[in-house]
1. Does residue 409 meet the test of being modelled with pLDDT under 95 and either surrounded by 17 or more Cβ atoms within 10 Å (Cβ to Cβ) or away from ligand 2 (no atom under 14 Å from the Cβ) (or both)?
2. So which residues in segment 141-155 are free of Cβ contacts under 8 Å to residues at least 24 places away in the same chain and touching a strand residue (DSSP E or B) at 6+ places or on another chain (Cβ under 9 Å)?
3. Please find, among 19, 12, 6, the residue that is in contact (Cβ under 8 Å) with a residue 24 or more places away in the chain, part of a helix (DSSP H, G or I), over 24 Å from the mean Cα position of the chain (by Cα) and farther than 21 Å from residue 616 by Cβ.
4. Before we move on, is residue 250 away from ligand 1 (no atom under 16 Å from the Cβ) and free of Cβ contacts under 8 Å to residues at least 40 places away in the same chain?
5. Take the conditions outside the structural domain of residue 416 (by TED's automatic domain parsing) and in contact (Cβ under 8 Å) with a residue 24 or more places away in the chain and apply them to residue 87. Does it pass?
6. Looking at segment 345-360, can you tell me whether even one residue there is surrounded by 19 or more Cβ atoms within 10 Å (Cβ to Cβ) and more than 27 Å from the chain's Cα centre (by Cα)?
7. What helices (runs of 4 or more DSSP H) completely inside segment 402-467 contain at least 1 residues that are more than 15 Å from residue 385 (Cα to Cα) and more than 10 Å from ligand 1 (Cβ to nearest atom)?
Ligand SMILES: CCCCCCCCCC/C=C\CCCCCCCC(=O)SCCNC(=O)CCNC(=O)[C@H](O)C(C)(C)COP(=O)(O)OP(=O)(O)OC[C@H]1O[C@@H](n2cnc3c(N)ncnc32)[C@H](O)[C@@H]1OP(=O)(O)O
Ligand SMILES: Cc1cc2nc3c(=O)[nH]c(=O)nc-3n(C[C@H](O)[C@H](O)[C@H](O)COP(=O)(O)OP(=O)(O)OC[C@H]3O[C@@H](n4cnc5c(N)ncnc54)[C@H](O)[C@@H]3O)c2cc1C
């Protein structure tokens, strides 16, 4: 059977309304319409071609990214795209570049931390891209430990200026995207010093380059930090370094919405939590969770379509071979990833709601939910990006040898995606923030304060610490209350176990250091509970379309039960379930895989990705894999000539046994 016949046959088997599922995936009919229109607008424009990124030199790749960015900006203006449309348009451009940092970090940092006057001055320039900005926080010596940054901003009352200085090599800014070659400005984080006193890290708007000829301003040393992981991939981004040599900026360029420095040099501390200074990171972490579902879906779409096209073994007497998607091992690796894509989509929707809610509360000076918002954004960013990076790599392996080809789309996707485990907060460091939050919540349980939000379940500690799961047969694992209870009991018991172990240490910080590995596991268990509970909550909503809810139910329970299988040690060692109940979960999982199987291709079609966005010969909508693999191979520059360059110098001497003449 040809690839296109395979996929057409798969699509005919679907038991649900794919068009309605597309709307559930997009979040609303309107969101679907925008996403569909923007992705096709990008795909139809030859400037956004991505086919030769792997064979471009770094300079070519970078210049091509500038070209794409300029073209995108021109189209956004000509077509009067809304903010929502232009964000999605840039996303489907699928080209990491300075625009990401300008719009996602520089502009939000000014919006969140600038005074009204500062916003009035800087935002119109930034919104029209008359200045281009980046987010310069990380230094050569410190990234995770923000309080350990070394760059100084010393107030000089004589000139009413701050003097920015990099006192050591390790204080050089290192990593900011867009800094190396493009940005004219940056929001720079530096230690504020007034009257010889260090007030800790604060944000400043700093001009870096001359607006006429783009040269760095005197007192500024700046450049790109060099080639990063993978061909093409994130190398389109100019991650940069920056050093200040007593560089002066006016006082009104300190971001002063939170704390201030007066004309006399008096420091006026913030009367709101100083952590609001970290607000830009919280906002980006929230969007990274939604992006995780997109990246996971992209990899899964490629692996699912290819698994339906690919056949190996199983033929008798020359008949058709088995589609590899029919092997239970393939399903056991692939279907949980498909379920994870949907799970991350829905938790991303919820996190967006939570973030909007906390933002509105902060505007009304209600800071009560800030720790929860920080824990959720940090923990879910960590959990979903780790799972997605691993998932993309698993999808590559699911595609066998061809998955290793650049044109499968998976190596580049992995190389672009994997730094998400590090940027915007290292995943272990962020998960430890969740653990701290959990330890505080557990410590307060005896005080009578009922925990709220995502830790509300801890208020039922008495029950959850001693309950035994009442699962008796495999179908019980489709009971939402029973599944939730298992995840709640496991998460609570792991957190309480850490808290009890902490008590054994006289010094709590030392205890925390000793127990770091267990604390991370407790944080992950809590985050997995959040994802499962938000998926279950989604099923309780009104979901339209023939068979759509049924498919979502299958995916939800596949997500939950595969986690039980993967983290069985946690569930058994906390006595949350018995080995027999675990075995029933496995039986149920196998049955769910069989139910999902005929719908697999339609479930990835529901992502509505264009072939342009997927960028994969293996994941093509028409399944026409083999002829296109040949086409791609023939395009490789090595195939430009039949006899390769270097033949006469380095190959012929071997064959003719005249190695003395080889030019070594
Ligand atoms: C194939 C091609 C595909 C192409 C695809 C293209 C698609 C593009 C999509 C792109 C998507 C996104 C683009 C993003 C681009 C990424 C850019 C990356 C940018 C960066 O990385 S910027 C730098 C980020 N840096 C960090 O994240 C640093 C991490 N560290 C910290 O955040 C903190 O320092 C900390 C570790 C969390 C805290 O450390 P510490 O405890 O020492 O901190 P403090 O003493 O300052 O605070 C203590 C107190 O405060 C609480 N707290 C900490 N942070 C926050 C917060 N943000 N909000 C609220 N509260 C906070 C902390 O919990 C403590 O509370 P406690 O006292 O214990 O109650
Ligand atoms: C592609 C990319 C883009 C980036 N873009 C930007 C940008 O635009 N702007 C910007 O300012 N920065 C940017 N960064 C920097 C990024 O935010 C930092 O690299 C990140 O915050 C991690 O910090 P680090 O590099 O100092 O890691 P480190 O903290 O040095 O981590 C090294 C190891 O130590 C472990 N570790 C560290 N602290 C602890 C602890 N307390 N407990 C247990 N383990 C610990 C970590 O888990 C990790 O395994 C970017 C980075 C990358 C890779």
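The values are calculated or read from the model by the stated rules, or taken from the named source; none is laboratory data. Just so it is clear, the structure is predicted and the values come from calculations on it, not from any experiment. Backbone-built Cβ (ideal geometry, glycine too); neighbour counts: all protein chains shown.
1. On the way: modelled with pLDDT under 95: no; either surrounded by 17 or more Cβ atoms within 10 Å (Cβ to Cβ) or away from ligand 2 (no atom under 14 Å from the Cβ) (or both): yes.
No, not satisfied.
2. To start, the set of residues in segment 141-155 that are free of Cβ contacts under 8 Å to residues at least 24 places away in the same chain comprises 145, 148.
Listed by number, the list holds a single entry, 148.
3. Working: 12 fails: in contact (Cβ under 8 Å) with a residue 24 or more places away in the chain; 6 fails: farther than 21 Å from residue 616 by Cβ.
Result of the check over 19, 12, 6: 19.
4. On the way: away from ligand 1 (no atom under 16 Å from the Cβ): yes; free of Cβ contacts under 8 Å to residues at least 40 places away in the same chain: no.
Criteria not met by residue 250.
5. Values: outside the structural domain of residue 416 (by TED's automatic domain parsing): yes; in contact (Cβ under 8 Å) with a residue 24 or more places away in the chain: no.
Considered against the rule, which asks whether it is outside the structural domain of residue 416 (by TED's automatic domain parsing) and in contact (Cβ under 8 Å) with a residue 24 or more places away in the chain, residue 87 comes out as no.
6. Scanning segment 345-360 turns up no residue that is surrounded by 19 or more Cβ atoms within 10 Å (Cβ to Cβ) and more than 27 Å from the chain's Cα centre (by Cα).
7. Values: elements: 410-417, 427-443, 461-466.
Where helices (runs of 4 or more DSSP H) fall fully within segment 402-467 and carry at least 1 residues being more than 15 Å from residue 385 (Cα to Cα) and more than 10 Å from ligand 1 (Cβ to nearest atom), they are 427-443, 461-466.
Yes/no matrix, rows are residues, columns are (1) touching a helix residue (DSSP H, G or I) at 6+ places or on another chain (Cβ under 7 Å); (2) modelled with pLDDT of 95 or more:
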site: 246; (1), (2): no, yes
site: 249; (1), (2): no, yes
site: 253; (1), (2): no, yes
site: 259; (1), (2): no, yes
site: 286; (1), (2): yes, yes
site: 293; (1), (2): yes, yes
site: 297; (1), (2): yes, yes
site: 303; (1), (2): yes, yes
site: 320; (1), (2): no, no
